[in-house]
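Reading through the structure tokens given below for one structure.
The values are calculated or read from the model by the stated rules, or taken from the named source; none is laboratory data. For clarity, every value in this text was computed on a predicted model and none was experimentally measured. We place every Cβ from the backbone using ideal geometry, glycine too, and count neighbours over all the protein chains shown.
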Amino acid sequence: MEPVLSVQNLSKNYGLVQALKNVSFNVPAGSVFGILGPNGSGKTTLLGIILDIIVPLGGQYSWFGGMDAVAARRQIGSLLETPNFYHYMSAFDNLAISAAIKQRGADDRIAVLEKTGLLQRKDSKFQTYSLGMKQRLAIAGTLLGGSRVLVFDEPTNGLDPAGITEIRELIRKLNSEGTTIIMASHLLDEVEKVCTHVAILKQGKLLVDGPVADVLRSDDLLEVKAADMAGLHNILQSMNGIKNIQAVSDLLLLKCETEIKASDINRYCMDKGIVLTHLVLKKKSLETRFMELTN
Amino acid sequence: MSSLLAIEWLKLKRYNTFWILICFFIVLLPLWNYCILSGGINVSGNGMKLINQTYSFPGVWGNIGFWGSLFVVLLSILIIILTANEFTFRTHRQNVIDGWSRLQFFHAKILLVFAFSVAATVYVFILGAIFGYANSGSFSSMFEGVEKVFYFFLFSLNYLGFALLASIVIRRSGLSIGMFLLYIFIIKNILKGVLNFTNNDWNVGNYLPLQSCSELLPFPLFEMLKGLMKQGPQPTTAYVLASIAWAIIYYFAGRGILLKRDW
């Protein structure tokens, strides 16, 4: 299937600072595409360029296989950095402007305000909203007219824990209904929880991109211990499927092929007459993987 | 086109500042003229009333055009506030994110400039007709000198276009208003004086931004004095062309900046 968004060799400088360096990737239709990176890695610049807010130094992007960019934006709901609304107008009136620009009827304003829990405050002026409510209103705005694609920059910024969960649920639900979602985040945990694909940026460079399972995959580690450590070391060396054995203080750290399970190790040692006193499967944390990637 | 203006209207209709400034314009302009006519406000020399002579046709057009031009400053400030607000609250970004092109955003503001200019011109025309009729007793010579109303339109277009450009360049409301007022009241006059002093034959200073259109609507008293001093006729056509040229320059400058700059 044609990618929803295709980005080729985007570059951007702010004075002497290179904010983006030749970034290219495709966003598959139907994915939740996370753009992950530490603060200042170029995430917002990247989103700004694909929404024509920022002028790139070089490179191209195309939506929906080359649709006119302005027409494409009317089918995209975006939340960039901060919620931007007319402070003297109510939520309801503000959404009327967004709907008019998107060339959609203003009929689904009630529905999107209800989805984001703002219906009761629809007639309050934007300037009376709390930070979290402003963020919710911005998300409500992106849902107007049933967008094909949603672009979110740090969507859970400023929300309380309940709000964060709600928004994640909303993202999952919309995605299951077929909406493609592109979101920038510096929160690994968030990306891991909701994204199907990820691109990792560091200092404007694209380090890696692809399905989350591939990019963030890491080998599992097994910790084992027995009374007879030398014997244990000995027999494990001859076991198939163990890639690496490392002695760390009083235990052994095993790196195994994926098909080897903890139970296989246990049974193998039993058969060889060694009883394990300690057997722990250690998943390498996402943070460790992220640090590996970005360092 | 009409949809751009319709969306601008959605932004305007809930904005109190807009209504307040428009009300000031609508109420104060006829009130001011009435006070001059009735002698409440006057420039007098030796007990002679000097500026209340001209509220009958055809003099009323030049008179009301001049006083109207002062009130255009109010509308210019409104344009600056409306545009700078978009930058301050980043709604200019939201408009583009939601599906306007950058050019559509700019054209919506240009249309606002035109709409304000047309509305103000129509209002000045109606006021002129009423004052003129009240003081002439008939409409017989009404269309004599009515080109001053067209000059007023050019004047508004120049001022509002310049104000739009200033707010696009500076982006901040307070600073834009300050620079705008500084230019029209101080800098423009200094430049005009210097240029006209050094280029006496050509009066280059009269063609400065916002000056060429002011030359079209001179202070009625000065016009009378110039007549007495038997000065040659003013190069009106040149001022009209210069004003149109400046308006076009403001358009392309604003457009160029908005298309090239990061938002």
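Just to be sure, is B:G99 within 14 Å of chain A (Cβ to nearest Cβ) and buried (at least 20 other Cβ atoms within 10 Å of the Cβ)? It is true that B:G99 is within 14 Å of chain A (Cβ to nearest Cβ) and buried (at least 20 other Cβ atoms within 10 Å of the Cβ). Across region A:86-109, the number of residues qualifying as more than 7 Å from chain B (Cβ to nearest Cβ) and of a type in the set (A, V, I, L, M, F, W, C) comes to 5.
Given A:L20, A:L36, which one is among the aliphatic types (A, V, I, L, M), in contact with a Cys (Cβ under 9 Å, 6 or more places away or on another chain) and either in the same structural domain as A:R74 (by TED's automatic domain parsing) or within 29 Å of A:S176 (Cβ to Cβ) (or both)?
Numbers: A:L20 fails: in contact with a Cys (Cβ under 9 Å, 6 or more places away or on another chain).
None of the others qualify; the one that does is A:L36.
Residues of region B:97-149 that are of a type in the set (A, V, I, L, M, F, W, C), closer than 14 Å to B:V60 by Cα and in a helix (DSSP H, G or I): B:V124, B:F125, B:I126, B:L127, B:A129, B:I130, B:F131, B:A134, B:V149.
In region A:81-133, the qualifying residues are those that are among the basic types (K, R) and surrounded by fewer than 21 Cβ atoms within 10 Å (Cβ to Cβ), and the one that is farthest from A:I54 (Cα to Cα) is A:R121.
Let's see how each residue does on (1) more than 14 Å from every other protein chain (Cβ to nearest Cβ); (2) basic (K, R); (3) touching a helix residue (DSSP H, G or I) at 6+ places or on another chain (Cβ under 9 Å); (4) closer than 28 Å to B:W32 by Cβ:
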residue	(1), (2), (3), (4)
B:F57	yes, no, yes, yes
B:W67	yes, no, yes, yes
B:V73	yes, no, yes, yes
B:H92	no, no, yes, no
B:L111	yes, no, yes, no
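Taken over region B:75-90, the criterion of being more than 14 Å from every other protein chain (Cβ to nearest Cβ) and not hydrophobic (A, V, I, L, M, F, W, C) is satisfied by B:S76 alone. Helices (runs of 4 or more DSSP H) fully within region A:18-128 that include at least 1 residues being among the hydroxyl-bearing types (S, T, Y), out of contact with any Asp or Glu (no Cβ under 7 Å at 6 or more places or on another chain) and farther than 16 Å from A:I139 by Cα: A:43-50. Taking A:P83, is it touching a residue at least 60 places away in the same chain (Cβ under 8 Å) and more than 8 Å from chain B (Cβ to nearest Cβ)? Judged against the criteria, A:P83 is not a match. If you go through region A:140-155 one residue at a time, do you hit one that is surrounded by fewer than 22 Cβ atoms within 10 Å (Cβ to Cβ), within 14 Å of chain B (Cβ to nearest Cβ), hydrophobic (A, V, I, L, M, F, W, C) and over 26 Å from the mean Cα position of the chain (by Cα)? No, region A:140-155 contains no residue that is surrounded by fewer than 22 Cβ atoms within 10 Å (Cβ to Cβ), within 14 Å of chain B (Cβ to nearest Cβ), hydrophobic (A, V, I, L, M, F, W, C) and over 26 Å from the mean Cα position of the chain (by Cα). When A:D107, A:D52 are checked against the criterion of being under 25 Å from B:S2 (Cβ atoms) and under 26 Å from the mean Cα position of the chain (by Cα), A:D52 stands alone in meeting it.
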